[in-house]
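In what follows, a single structure is set out as structure tokens and then discussed.
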Amino acid sequence: MIIILGHQLHKIIYIIVNIIVISFTLPSFAGQESEPIGYLQALDTSGAKWSLGFGAMVRNSPFKGEKITVLPFPIVDYSSKTFFFRELKAGYHIVKVKNPRQGGFFVDGFISARIRPGSERKKFTSDIGLRTGYQLPLGAISFTLLQDATNTSNGQELSASYTFTFVTKNKKMFFIPQLSISWQSRKMADYLWGIDQKTSQKMIANNEPVILFPYTINKSVINFSAGFTNVYKFNDHWSSLISAKAAMLDGKIKLNPAIERDYDYSFVVGATYTF
């Protein structure tokens, strides 16, 4: 009885932590860069802006025995000319594009949280990141380097992405597709997609219906992903938000018997008030 209660309490705590963390995020996959550059234009963050709202996230883990989860959450977003807080990130605009219509280079430094995929492999860590790129009216190309800052995996991740912002004539709707490629070092890949002995033993002790047995990923991996963000502005304050992302997993990840799908996905629907 004590073991069962302890297990249920652990799940409840995990759900609460999820709500707190997701309160400041749009969907991301295991820390992969997913914030569309044009998202700032959609929210009109030329000055200091706060956006508050509510939404729901649907996530589907590629690990065996795990179900689709739906989690309601509040949305909190802040951006100014120098600082920003969104996408599990708190950062500083080292170099910012002065005029998006003319284009220019940008450099951001930030600290970001990372959620390891799989509900039975719950773990939150943080990374130190640097993002740079070039923005043009035809889109933006960005490169992001992440380094584990918690001495958990000591791994790195390097990603490149392209985004483009489609805007209606009345500037009420913004549609922002994104394509990305992400390289994860051996240590990062094993931490995210491998199964350690402790996790397997815990599942056995909790009498889980599906047991994930230990598996080590001993090489770096490359994942491809695609997604979009759609923002519709009802007026100067209220907006609706739909965001989705799907990632195609590297073949070395799919060799893990605990992985039952070739892809990982999630999406968010919500509404925000900007002031």
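Quick notes on this one:
- Test: residue in the stretch 128-138 that is under 27 Å from A271 (Cα atoms), outside any loop (DSSP other than H, G, I, E, B) and of a type in the set (F, W, Y): no
- Any chance K252 is part of a loop (DSSP other than H, G, I, E, B) and on the phi < 0 side of the Ramachandran plot: no
- Neighbours by Cβ (under 8 Å, 6+ apart or cross-chain): first from the stretch 199-212, farther than 19 Å from K67 by Cβ; second surrounded by 12 or more Cβ atoms within 10 Å (Cβ to Cβ): S200/I211; S200/L212; S200/F213; S200/P214; I204/I211
- For the stretch 102-121, the condition of being touching a residue at least 60 places away in the same chain (Cβ under 8 Å), among the basic types (K, R) and not in a strand (DSSP E or B) holds for at least one residue.
- Matching residues, the stretch 81-101, being in a loop (DSSP other than H, G, I, E, B), of a type outside the set (K, R) and loosely packed, with under 14 Cβ neighbours inside 10 Å: T82, N99
- The residues of the stretch 247-275 that are among the small types (G, A, S), surrounded by 16 or more Cβ atoms within 10 Å (Cβ to Cβ) and farther than 19 Å from S182 by Cα, listed by number, are A258, G270.
- Residues located in the stretch 191-247, provided they are assigned to a helix (DSSP H, G or I) and under 26 Å from D262 (Cα atoms): Y191, L192, W193, Q197, K198, T199, S200, Q201, K202, M203, I204
- Residues that are among the small types (G, A, S) and buried (at least 21 other Cβ atoms within 10 Å of the Cβ) within the stretch 156-187 comprise S159, S161, S180, S182, listed in sequence order.
- Test result for S239, touching a Gly at 6+ places or on another chain (Cβ under 9 Å), modelled with pLDDT of 95 or more, more than 23 Å from T152 (Cα to Cα) and buried (at least 18 other Cβ atoms within 10 Å of the Cβ): no
The values are calculated or read from the model by the stated rules, or taken from the named source; none is laboratory data. Everything quoted here is computed from the prediction, not taken from an experiment. Cβ: placed from backbone, ideal geometry, glycine included. Neighbour counts: every protein chain shown.
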